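Contents: one structure, followed by commentary.
The values are calculated or read from the model by the stated rules, or taken from the named source; none is laboratory data. Computed from a predicted model, the values in this text were never measured in an experiment. We place every Cβ from the backbone using ideal geometry, glycine too, and count neighbours over all the protein chains shown.
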Amino acid sequence: MRFLKLTYEPYTLQFKFDAGTSRGIMRERKVWFLKLHDAENPAIVGTGEVAPLAGLSLDDRPDMELVLQKLCQKVAGKAFDEAKPYNCLLYTS
């Protein structure tokens with residue numbers, strides 16, 4: 001059995017232009033970059049992102065970082081079931 005480790009890094013994208021949406025202007029966007037590591041072979045890394053649109057995405061939630069922390073803790077086995085309620089996490093599993 002392989003030991004996997006999921007990590008994330010929060011990042012704020014600073015737009016070079018005002019991005020107009022139906023809810024106003026966006027000048028920055030909070031995202032989280034994900035990495036799924038294989039501890040036995042560090043050269044094997046999967047990458048992804050969680051990037052809900054503030055005020056627009058159904059899964060834009062103030063506790064998204066807590067959701068990611070819990071997902072990282074439960075990455076083995078059934079951990080990926082935790083991602084199902086969040087559209088932006090579906091492609092990480």
(message) Out of Leu90, Leu71, I need the residue that is within 14 Å of the chain's Cα centre (by Cα), modelled with pLDDT under 85 and in a helix (DSSP H, G or I). Which one?
(response) Leu90
(message) Among the residues of the range 28-54, what is the count of those that are at pLDDT 85 or above, surrounded by 12 or more Cβ atoms within 10 Å (Cβ to Cβ) and touching a Phe, Trp or Tyr at 6+ places or on another chain (Cβ under 9 Å)?
(response) 12
(message) Restricting to the range 31-61, give me the number of residues that are aliphatic (A, V, I, L, M) and touching an Asp or Glu at 6+ places or on another chain (Cβ under 9 Å).
(response) 7
(request) State the number of residues belonging to the range 11-25 that are part of a strand (DSSP E or B) and either under 22 Å from Val67 (Cβ atoms) or charged (D, E, K, R) (or both). (result) 5
